[in-house]
Amino acid sequence: MTAGGSPISSWTVRWQFGDGQTITQSWSATISTSGSQVTATNVSYNGALGAGASTQFGFLGNANGANSVPTLTCVAS
């Protein structure tokens, strides 16, 4: 996540897995899932970003054969 021209106080990234992938572990974000929908939100230490600043999160998961790249939707406030 990278803040644009203004600082942000929190962020959320959403995507949908299309091939049955699952998340088994994550870091630097709180991950929630509902079926194939995935939502990652900032944790206490990386939500507030100054203008132009960035942070990263990651996860480990399982795939069932195909592994197409999802489209991400990022929201900052």
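Rule-based calculations on the coordinates, nothing more; no lab input. This is a predicted model, so every value here is computed, not measured. Cβ sites come from the backbone with ideal geometry, for glycine too, and all protein chains shown count toward neighbours.
Note that region 2-19 has calculated 3J(HN,Hα) couplings of 10, 6, x, x, 10, x, 10, 10, 7, 8, 9, 10, 10, 7, 10, 7, x, 10 Hz, one per residue in order, obtained from phi through the Karplus relation 6.51 cos²θ - 1.76 cosθ + 1.60 (θ = phi - 60°); glycine and proline are x. Under a Gaussian network description of the chain, with springs only between Cα atoms under 10 Å, the residue in Ala63, Ala48, Ala40 that fluctuates furthest is Ala63. Ordered by the number of other Cβ atoms lying within 10 Å of each residue's own Cβ, fewest first, Ser44, Ser9 fall into the sequence Ser44, Ser9.
With Cα extents along the principal axes in Å as the read-out, I listed (1) 36, 21, 20; (2) 40, 20, 17; (3) 38, 28, 18; which label goes with the value calculated from this structure? Of the listed options (1) 36, 21, 20; (2) 40, 20, 17; (3) 38, 28, 18, (2) comes from this structure.
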